[in-house]
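The values are calculated or read from the model by the stated rules, or taken from the named source; none is laboratory data. Remember, it's a predicted structure, so these values are computed and weren't measured experimentally. With ideal geometry, Cβ positions are generated from the backbone for all residues, glycine too; neighbour counts draw on all protein chains shown. These area figures cover heavy atoms from the full protein model, side chains too; ligands, DNA and RNA do not enter into them. Shrake-Rupley method; radii C 1.70, N 1.55, O 1.52, S 1.80 Å.
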Amino acid sequence: MVNNGAVERGKERRKITWRGWHKWVGLLFSIFIILFSISGIILNHRQIFSGCEVSRWWLPKAYHINNWNQSIVKGTIAYGDNLLMWGQAGIWKTDSTFSVWNDFNDGITEGIDNRKITNIVICGDGTMFCSGLFEAYIYNIESNRWNTVELPGNDERISDVALRGSDTVVVITRSSLYEAVAPDYHFVEHQLEKPQGYVNQTTLFKTIWMLHSGELFGIIGRLVVDAMGIALIVLCLTGIIFFVLRFTIGQTKSKEKKHKQAGWMKSQLKWHNRLGAGLIVLTLILSVTGMCLRPPFMIPLVMTHHSPIPGSTMASNNVFHDKLRAIRWDGNLQKWLLSTSEGFYYVDSNLNNAQTEAIAPDKEPQVSPMGLNVFIPDGENWLVGSFSGLFKWNPSTGKVIDWFTNEPYNKTSGIPFGGHAVTGYSKDLRETGGQPVVFEYGGNPTIGGTKPFEVEMPEVLKNQPMSLWNFALELHVGRCYEPFLGSVVSVLFVFLSGLLLTLVLISGYIVYRKGKKNSRAGYSRIFIFQSKLYPFRIGRSLLC
C-alpha cells in the first residue's frame, strides 16, 4: 500500500528544497546580481558614460599604472624638437628622453575613455590628425587645440587614421572609410565592395554576445536588455526586503507599524512574483547567453561560424559592417593594408571604387581579438603588434618572423594571446643605441626586446584614472575578483555566476507555479502575525 502521508511529506520536502535553493542562493548571490546588472547597463551605453572616471588607487594593484603598463604608450611621433606620445591616457608632449611631460589633450572631449588614441599622423603641410575612440581630430596650430573632424553621417566608433603620401588622410570607423585630401581636408565616405569569393559569415560567439547585450536588434534590443537589468535589481531588492520583513514584523510592538510593515511586505511579494514570473524567459536568456561568453563555452563558440541572422543588425549590406580595425598605406605594393576582425585585406588605392582582396590566413601574422596596437612600416616589412606578440611581416611573400626570437612564425599554430602582450613601440627615444623600445601590457618594457627600459614613469601618468566603462567591464567579467578568488576561479566566475543565476530563476519559477497550483486547489497559506490584527492571505511565495 502507498503511504499517502509519506508521499505528501516527500512532496513537501521537495518544495522546501526548491524554496531553500531560491531563498538562500538568491540572498547570498544578490549583491553580485545587482553588480552584474548595473555594470551591464553601463557597458551597453559606452559613449553616454565616456566622461565618467574611477581612480585606480581604489582598485587592486593589478590596475595601477606603473612601469609603463596598462597600454599607457602605443606610439610616438616627432613633433618639432619634441615628441608626441599617445596611448590609453591621451596625448602627451615630451622629449626624446621621456623626462619632460606636458598635457597635449586640449580640445579632445573630456573623460579618459574619449582620450584613448589609436594613431597620430602629420601631413606634408604640417596638418596633424589623431583618432580617438568616438571622434577624429585635427590640430589647429593657431589656437593650439584639437578640433573635431566632421565625418558625414557617421555614428560609429572610430578605429584608426592613416596617411598616404603627404596629402591624403584616411579615417576608418568600424564599418566605413573616410578620405580627405589637402588642402581643405573635406572627408568623403567610402564603403568597400564585397571581395571576390567572399562568404559573409560571423562567429556564434559574436551572435550570442550581441544577443546578450541586445545590440543584435539595435537600440530597441539594448533598451530591452537594460530593462532586464533593472528588473533583476528590483527582484533582488524586493526579495531582500521581503526576507527581512518576515523576521522584523514579529518584533514590532506598535500595532500601527505592524499594519504598515505587513502592507509593505505584501506589496514587495506582489512585485517580486509578477516580475519574476512575467520575465522568466527573458531573464533566463540573459543569464544563459552571459555564461556562454566566457570559458569554458567561449572557445567552441568562437570556432563555430554561421550566416548572419536575417533582420538583425548583423545582416547588413556592407559585408565589412563592424569589422574594420586598422589601415595603413603600403608604398611598396601601392595598396592599402586593411586589418579587420576577420584578417587582413589588400585595398586598391582608389577608395571611390576600391577592389578588396583577402590575404591568406597562413600568410599573415597572428592578431589578438583585442586588436592591433602596433602597425608600422619597417623597410619591406611591417611590424604588427598585439596581445599575441610582435611580428615582422612581409605581405608580398607572406613571411612572418617573431620579432623577439627572430624565428619563422606559423599562425596556424598560434594562440590568440602570446607570451608578449605588446601594446606600444617607439624608435624615437635617445640613448637606446638606435634600438626600439617595446611596451607591454603588464609593464617591464624592453630595449630591443632584451634590455630593460629603466626610465621612470612620471607621476602625472601614474595618476591617470580608469574609465567607468572599463571598470564596469572588469566587474562584469570578474577579472577584478582575481586577487580574492584566484586566477582559476576568476576565469570561471562568469560561467559559475550564470549557473547560480539560472538556478535562482528556475527554482523561483517552480516554487511560484506550485504555489499558484496549490492556491487554486484551496491550500493557500495564511500568515497571521503575533498581534492577530492583520491577517492576510498569500499564496506560496518565491521566498516563503
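Just to be sure, is Lys363 in contact with a Gly (Cβ under 6 Å, 6 or more places away or on another chain), open to solvent by 50 Å² or more (accessible area, probe 1.4 Å) and more than 19 Å from Ile172 (Cα to Cα)? Spell out the reasoning first.
Details: in contact with a Gly (Cβ under 6 Å, 6 or more places away or on another chain): yes; open to solvent by 50 Å² or more (accessible area, probe 1.4 Å): yes; more than 19 Å from Ile172 (Cα to Cα): yes.
Yes, satisfied.
Out of curiosity, is Leu338 of a type in the set (A, V, I, L, M), under 23 Å from Asp428 (Cβ atoms) and either in contact with a Phe, Trp or Tyr (Cβ under 9 Å, 6 or more places away or on another chain) or surrounded by fewer than 20 Cβ atoms within 10 Å (Cβ to Cβ) (or both)?
Values: of a type in the set (A, V, I, L, M): yes; under 23 Å from Asp428 (Cβ atoms): no; either in contact with a Phe, Trp or Tyr (Cβ under 9 Å, 6 or more places away or on another chain) or surrounded by fewer than 20 Cβ atoms within 10 Å (Cβ to Cβ) (or both): yes.
When the stated conditions are applied, Leu338 does not pass them.
Taking the range 79-103, which residues are closer than 18 Å to Lys462 by Cα, open to solvent by less than 30 Å² (accessible area, probe 1.4 Å) and in contact (Cβ under 8 Å) with a residue 24 or more places away in the chain?
Leu84, Met85, Trp86, Gly87, Ala89, Gly90, Ile91, Trp92, Phe98
Does Leu232 qualify as being without any contact (Cβ under 8 Å) to a residue 60 or more places away in the chain and closer than 26 Å to His272 by Cβ?
Numbers: without any contact (Cβ under 8 Å) to a residue 60 or more places away in the chain: no; closer than 26 Å to His272 by Cβ: yes.
Considered against the rule, which asks whether it is without any contact (Cβ under 8 Å) to a residue 60 or more places away in the chain and closer than 26 Å to His272 by Cβ, Leu232 comes out as no.
Hey, does the range 103-119 have a residue that's within 26 Å of Pro436 (Cα to Cα) and hydrophobic (A, V, I, L, M, F, W, C)?
Within the range 103-119, the subset within 26 Å of Pro436 (Cα to Cα) is 103-105, 115-119.
Narrowing further to those that are hydrophobic (A, V, I, L, M, F, W, C): 104, 117.
Yes, because at least one residue in the range 103-119 is within 26 Å of Pro436 (Cα to Cα) and hydrophobic (A, V, I, L, M, F, W, C).
Between a first residue in the range 138-151 that is under 19 Å from Glu179 (Cβ atoms) and a second residue that is basic (Lys, Arg) and open to solvent by 80 Å² or more (accessible area, probe 1.4 Å), which pairs have beta carbons less than 6 Å apart while being 6 or more apart in sequence or on different chains?
From residues that are under 19 Å from Glu179 (Cβ atoms), there are no pairs.
Of the residues Asn406, Asn394, Asn381, only one is farther than 23 Å from Gly132 by Cβ and open to solvent by 60 Å² or more (accessible area, probe 1.4 Å); which? Talk me through it step by step, then tell me what you get.
Working: Asn394 fails: open to solvent by 60 Å² or more (accessible area, probe 1.4 Å); Asn381 fails: open to solvent by 60 Å² or more (accessible area, probe 1.4 Å).
Sole residue among the options that is farther than 23 Å from Gly132 by Cβ and open to solvent by 60 Å² or more (accessible area, probe 1.4 Å): Asn406.
Please give the number of the condition Gly418 fails out of (1) assigned to a loop (DSSP other than H, G, I, E, B); (2) over 25 Å from the mean Cα position of the chain (by Cα); (3) crowded, with 16+ Cβ neighbours inside 10 Å.
(2)
Taking the range 370-392, which residues are of a type in the set (Gly, Ala, Ser) and not in a strand (DSSP E or B)?
Step one: filter the range 370-392 for residues of a type in the set (Gly, Ala, Ser), giving 371, 379, 385-386, 388-389.
If the condition is that a residue be of a type in the set (Gly, Ala, Ser) and not in a strand (DSSP E or B), then Gly371, Gly379, Ser388 are the ones that fit.
So which residues in the range 14-58 are among the basic types (Lys, Arg) and more than 18 Å from Arg222 (Cα to Cα), if there are any at all?
Here is the first cut: in the range 14-58, the ones among the basic types (Lys, Arg) are 14-15, 19, 23, 46, 56.
Residues satisfying the conditions are Arg14, Lys15, Arg19, Lys23, Arg56.
Can we say Ala262 is within 30 Å of Pro310 (Cβ to Cβ) and either open to solvent by less than 20 Å² (accessible area, probe 1.4 Å) or free of Cβ contacts under 8 Å to residues at least 40 places away in the same chain (or both)? Steps first, answer last, please.
Numbers: within 30 Å of Pro310 (Cβ to Cβ): no; either open to solvent by less than 20 Å² (accessible area, probe 1.4 Å) or free of Cβ contacts under 8 Å to residues at least 40 places away in the same chain (or both): yes.
Against the criterion (within 30 Å of Pro310 (Cβ to Cβ) and either open to solvent by less than 20 Å² (accessible area, probe 1.4 Å) or free of Cβ contacts under 8 Å to residues at least 40 places away in the same chain (or both)), Ala262 does not qualify.
Taking Asn332 and the conditions (1) farther than 16 Å from Trp382 by Cα; (2) touching a strand residue (DSSP E or B) at 6+ places or on another chain (Cβ under 9 Å); (3) not β-branched (Val, Ile, Thr), which numbered condition does it fall short on, given that it satisfies the others?
(1)
Across the range 293-311, what is the number of residues that are buried (at least 17 other Cβ atoms within 10 Å of the Cβ) and closer than 19 Å to Val199 by Cβ?
Residues flagged as buried (at least 17 other Cβ atoms within 10 Å of the Cβ) and closer than 19 Å to Val199 by Cβ within the range 293-311 amount to 1.
Hey, among the residues in the range 473-499 that are aliphatic (A, V, I, L, M) and open to solvent by less than 70 Å² (accessible area, probe 1.4 Å), which one's nearest to Ile280 (Cα to Cα)?
The initial filter retains those residues of the range 473-499 that are aliphatic (A, V, I, L, M), namely 473, 475, 477, 485, 488-489, 491-492, 494, 496, 499.
This time we only want the ones that are open to solvent by less than 70 Å² (accessible area, probe 1.4 Å), so: 473, 475, 477, 489, 491-492, 494.
Details: Leu473: 25, Leu475: 24, Val477: 23, Val489: 28, Val491: 27, Leu492: 24, Val494: 20 Å.
Among those that are aliphatic (A, V, I, L, M) and open to solvent by less than 70 Å² (accessible area, probe 1.4 Å), it is Val494.
Taking Asp160, is it in contact with a Ser or Thr (Cβ under 8 Å, 6 or more places away or on another chain), at pLDDT 95 or above, within 20 Å of Ala182 (Cα to Cα) and acidic (Asp, Glu)? Walk me through how you get there before you give the answer.
On the way: in contact with a Ser or Thr (Cβ under 8 Å, 6 or more places away or on another chain): yes; at pLDDT 95 or above: yes; within 20 Å of Ala182 (Cα to Cα): yes; acidic (Asp, Glu): yes.
Against the criterion (in contact with a Ser or Thr (Cβ under 8 Å, 6 or more places away or on another chain), at pLDDT 95 or above, within 20 Å of Ala182 (Cα to Cα) and acidic (Asp, Glu)), Asp160 qualifies.
Can you tell me which condition Gln268 does not meet? The list is (1) in contact with a Phe, Trp or Tyr (Cβ under 9 Å, 6 or more places away or on another chain); (2) over 26 Å from Ser39 (Cα atoms), and all the others hold.
The number of the failed condition is (2).
Return the residues of the range 56-78 that are more than 19 Å from the chain's Cα centre (by Cα), among the aromatic types (Phe, Trp, Tyr) and surrounded by 18 or more Cβ atoms within 10 Å (Cβ to Cβ); say none if nothing qualifies.
Trp68
For the subset of the range 436-463 comprising residues that are charged (D, E, K, R) and surrounded by fewer than 14 Cβ atoms within 10 Å (Cβ to Cβ), which member is farthest from the chain's Cα centre (by Cα)?
Taking the range 436-463 first, the residues charged (D, E, K, R) are 440, 451, 454, 456, 459, 462.
Now restrict to residues that are surrounded by fewer than 14 Cβ atoms within 10 Å (Cβ to Cβ): 451, 454, 456, 459.
On the way: Lys451: 33, Glu454: 32, Glu456: 30, Glu459: 28 Å.
Going through the qualifying residues, I end up with Lys451.
Which pairs turn up if I take residues in the range 344-360 that are open to solvent by less than 60 Å² (accessible area, probe 1.4 Å) and look for partners that are basic (Lys, Arg) with beta carbon separation below 6 Å, at least 6 apart in sequence or on another chain?
As it stands, the answer is Tyr346/Lys335, since those pairs meet every condition given.
Which of the following residues is within 26 Å of Gly442 (Cα to Cα) and hydroxyl-bearing (Ser, Thr, Tyr): Thr94, Thr148?
Values: Thr148 fails: within 26 Å of Gly442 (Cα to Cα).
Just one listed residue meets the conditions, Thr94.
Can you tell me which residue within the range 113-129, out of those that are within 23 Å of Pro445 (Cα to Cα) and not in a loop (DSSP other than H, G, I, E, B), is most open to solvent (accessible area, probe 1.4 Å)? If you could, list the steps in order and put the result at the bottom.
Our first condition is that a residue be within 23 Å of Pro445 (Cα to Cα); within the range 113-129, this holds for 115-120.
Right, trim to not in a loop (DSSP other than H, G, I, E, B) and you get 115, 119-120.
Values: Arg115: 37, Asn119: 17, Ile120: 7 Å².
Per the stated criteria, the residue is Arg115.
Kindly indicate whether Tyr425 is closer than 25 Å to Gly331 by Cβ, open to solvent by less than 80 Å² (accessible area, probe 1.4 Å) and either at pLDDT below 95 or touching a helix residue (DSSP H, G or I) at 6+ places or on another chain (Cβ under 8 Å) (or both). Working first, answer last.
On the way: closer than 25 Å to Gly331 by Cβ: yes; open to solvent by less than 80 Å² (accessible area, probe 1.4 Å): yes; either at pLDDT below 95 or touching a helix residue (DSSP H, G or I) at 6+ places or on another chain (Cβ under 8 Å) (or both): no.
No.
Please determine, by comparing only the residues of the range 130-163 that are more than 25 Å from the chain's Cα centre (by Cα) and not in a strand (DSSP E or B), which one is surrounded by the fewest Cβ atoms within 10 Å (Cβ to Cβ).
Only one residue tops the list, namely Glu142.
Testing Ser166 on (1) farther than 21 Å from Trp336 by Cα; (2) part of a loop (DSSP other than H, G, I, E, B); (3) open to solvent by 30 Å² or more (accessible area, probe 1.4 Å); (4) of a type in the set (S, T, N, Q), one condition comes back false. Which one is that?
(1)
Can you find even one residue in the range 58-71 that is basic (Lys, Arg) and touching a His at 6+ places or on another chain (Cβ under 6 Å)?
Initial filter on the range 58-71 (basic (Lys, Arg)): 61.
Add one more test, that the residue is touching a His at 6+ places or on another chain (Cβ under 6 Å), and what stays is none.
Checking the range 58-71: not a single residue is basic (Lys, Arg) and touching a His at 6+ places or on another chain (Cβ under 6 Å).
Can you tell me how many residues in the range 189-224 are outside any loop (DSSP other than H, G, I, E, B), among the hydrophobic types (A, V, I, L, M, F, W, C) and either on the phi > 0 side of the Ramachandran plot or open to solvent by less than 70 Å² (accessible area, probe 1.4 Å) (or both)?
Kept after step one, since they are outside any loop (DSSP other than H, G, I, E, B), are these residues of the range 189-224: 189-190, 202-213, 215-224.
Now drop any that are not among the hydrophobic types (A, V, I, L, M, F, W, C), which leaves 204-205, 208-211, 216-217, 219-220, 223-224.
Subset that is either on the phi > 0 side of the Ramachandran plot or open to solvent by less than 70 Å² (accessible area, probe 1.4 Å) (or both): 204-205, 208, 210-211, 216, 224.
Within the range 189-224, residues that are outside any loop (DSSP other than H, G, I, E, B), among the hydrophobic types (A, V, I, L, M, F, W, C) and either on the phi > 0 side of the Ramachandran plot or open to solvent by less than 70 Å² (accessible area, probe 1.4 Å) (or both) number 7.
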